[in-house]
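Worksheet for the structure shown next.
FYI, it's all coordinate maths here, none of it is from the lab. Given the structure is predicted, the values throughout are model-derived calculations rather than measurements. Glycine also receives a Cβ, built like all others from the backbone with ideal geometry; neighbour counts cover every protein chain displayed.
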Amino acid sequence: MSMDVANRYARALSEVLGPQGDFRTALSELQDFAATCNESASLRDVMESPAVPPPDKLRVLDAILTRMGISKTVANFLRVLLENYRMNLLQKTVGAFRKVADDREGLIRVKVLSATGLTEAERQALRERFERLTQKKVECEFSIDPALIGGVVAQAGSTVYDGSVRDQLERVRRRLLES
């Protein structure tokens with residue numbers, strides 16, 4: 001349920017920004033504010049606590065937004081979250097807005113796991129392969145997972161591409177058992 005609410009808020013912000021809106025700047029500002037809240041337990045407590053009166057919360061929020069130089073649109077959006085008691089959904093809302101911003105820009109994020117570190121040439125080759133495959137701009141997040149033995153596993157959206165040695169061995173095992 002909370003993810004549904006976060007998605008609604010993210011879509012509302014994208015509608016306010018409009019088709020020509022600066023989604024990257026808005027996302028960056030949201031991420032910066034969320035990081036500030038994550039770093040300060042006392043700020044998070046003030047924003048989420050029902051014991052702190054809403055006008056006090058708003059004064060604290062406005063002071064932080066001014067100090068951070070947050071744009072008027074994102075500042076108003078954060079005020080709406082605060083006034084509707086949704087600051088506890090800030091992280092989920094930022095994640096949902098990131099997906100909306102990526103969709104607007106024709107960007108897909110691909111998580112790539114490899115058994116060992118990949119060279120820059122290998123990373124670039126994977127990016128280009130996924131750009132051809134998805135017909136979108138690709139941003140890759142590379143991680144190492146020694147349990148893979150070799151090869152790579154990539155996730156683009158909800159689709160997983162498994163080119164790991166472990167998966168290949170499992171396919172051979174299944175074929176042998178079928179025989």
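General remarks:
- Calculated [222 nm] ellipticity per residue, helices only, for the chain: -20500 deg cm²/dmol; basis is -39500 (n - 2.57) per DSSP H run with n ≥ 4, divided by all residues, nearest 500.
- Shown for 97, 142: other C-beta atoms within 10 Å of each C-beta, ranked fewest to most, produce the order 142, 97.
- Listed by chain and number, the lysines placed with their C-alpha closer than 20 angstrom to that of residue 57 are 72; residues fewer than eight positions away on the same chain are left out.
- In straight-distance terms, cross-link reach from residue 111 covers every one of the lysines whose alpha-carbon lies under 22 Å from its own, apart from those fewer than eight places away in the same chain; here that gives 92, 99, 136, 137.
- Among 144, 64, 108, the largest mean-square fluctuation in a Gaussian network model of the chain, built with springs joining Cα atoms closer than 10 Å, belongs to 144.
- Dipole of the chain, positive direction: furthest Cα of 156, 36, 69, with charges on the beta-carbon: 156
- On Cα atoms only, tilt of 72-83 relative to the major axis of the chain in degrees: 80
- Mean-position separation - Cα centroids, the range 4-33 and the range 48-63, in angstrom: 22
- From least to most packed, judged by other beta carbons within 10 angstrom and beginning with the fewest, 72, 136 follow the order 72, 136.
- Rounded to the nearest 10 degrees, the inclination of helix 54-68 to the longest alpha-carbon principal axis of the chain is 60 degrees.
- Counting only alpha carbon atoms, the long axis of helix 165-178 and the longest principal axis of the chain meet at about 50°.
- For residue 164, nonlocal amide neighbours, meaning residues 5 or more places apart or on other chains whose placed amide H falls under 5 Å from its own, are 152.
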